[in-house]
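No lab work stands behind these numbers, since they all come straight from the coordinates. Predicted, not measured: the structure shown is a model, and the values here were computed from it. When we count neighbours, we look across all protein chains shown, and the Cβ atoms used for this are built from the backbone with ideal geometry, even at glycine.
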């Protein structure tokens, strides 16, 4: 399944986190003979590639379809294909200001290294176009792309996905145009795979490959971007995507410390993406994928933990006229609890609001009951958090009835829903 999503996580300051870097690029990896093996489907996040190594292997002419005009800050990878599949690929910069280009070669045997150095072998895919900050400067291979080779300058961010076969080996050269840049993550996405088995003939004792095919599952991609709700700037977040209908299921995709990513998931299904970031309230957002091929943007707005911060939870829902949660409330309640657990000095005020717009007859006569209902609903949230082992002295609660409706003259269910809400106010944090 496909990541991205593109998940776009900028502002990765290398020096303070270098010791935590899990995937290390060394200067020697700028040459093909020292390529790094990608043993799984993910490599990264890395530190920044630096320098072009001892050999200029992929430098060529300006506007070439098959090589960089000049190697700047390169790193080589290689990987071995496990089954017959369609290969897609994401190269996700930590910082969207970095401009990553790539060239992909198919290994051709013992002369491969010398053929690369002597420019005797042509790549199978390239994308050397200018980075597109709108998609987090992500580049790679996509099943929706049509061009196999893309030259420098303005152009598409993805070249065409490629059919690969079991045991084939591919070499990927990635170049960051800018010095002193940040690292990246490489994601390999295999779809429509066909396992290749073999049988031994009793007469000849020769193994003959037998291919079994399966119908590919329809998929669609989404680009997930985490931003600060107030500034709208990208932030580094940990993202987990779960199937919505299976509350206890393990996440189907996990992305660490990224501001954005691209994920490819089976369609006609609903999911929840949960996110957490340092000094921010956790977040959970539901979405449903339908159709195929299209890329769907999802923006996750995260609220910073600071005194006075107001976080609105519109999806904490109750049965009509009662302080009993609807099942849909589980996810946002878990979000509040997980944040409180992560930050044991955090103190909050829980505020309850109900809907009673001017379009409702006799609304003023109902205000006393509405006030008590809003108090009871705020208290219900507090009681839930106490059951999650959140100390009672970290929380206060208050009801406002319908006195602070977002839409006093609400005319549709969407507006009324925004009036029925729970708000969390940060009243203390160390």
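Taking other C-beta atoms within 10 angstrom as a stand-in for reagent exposure, 56, 302 fall in the order 56, 302, fewest first.
Distance from the alpha carbon centroid of the range 270-345 to that of the range 395-425 works out to 17 angstrom. For the chain, the share of DSSP beta bridges that are antiparallel, to the nearest 5, is 80%. Here the calculated FRET efficiency for residue 299 and residue 398, from their Cβ-Cβ distance with R0 = 35 Å, stands at 0.70, rounded to the nearest 0.05.
Pairs of alpha carbons in the range 310-428 separated by more than 22 Å make up 30% of all such pairs. I want to verify the translational diffusion coefficient of the range 255-345 in µm²/s; compute it with Stokes-Einstein, Rh as the Kirkwood radius over Cα pairs, at 4 °C and 1.567 mPa s. For the chosen part, D equals 85 µm²/s. Taking every C-alpha pair closer than 8 Å and separated by at least 6 residues, the mean separation divided by the residue count of the range 222-302 gives a relative contact order of 38 percent.
Length gained on full extension, residue 167 to residue 256: 29.1 nm, using 0.36 nm per residue less the C-alpha separation. A convex hull fitted around the alpha carbon atoms of the range 14-211 yields 131 Å³ per residue. At an R0 of 25 angstrom, the distance between the Cβ atoms of residue 418 and residue 230 translates into a FRET efficiency of 0.85. Once Cα extents along the principal axes in Å is worked out from the coordinates, which option in (i) 65, 52, 46; (ii) 86, 57, 39; (iii) 73, 52, 46 does it equal? Given (i) 65, 52, 46; (ii) 86, 57, 39; (iii) 73, 52, 46, the calculated one carries the label (ii).
When each of 411, 377 is scored by the number of other beta-carbon atoms lying within 10 Å, the sequence from fewest to most is 411, 377. Modelled spin-label separation between residue 108 and residue 310, with each label point placed 7 Å from Cα along the Cα-to-Cβ direction: 6.6 nm. Computed from the C-beta positions of residue 328 and residue 83 and an R0 of 30 Å, the FRET efficiency is 0.15 to the nearest 0.05.
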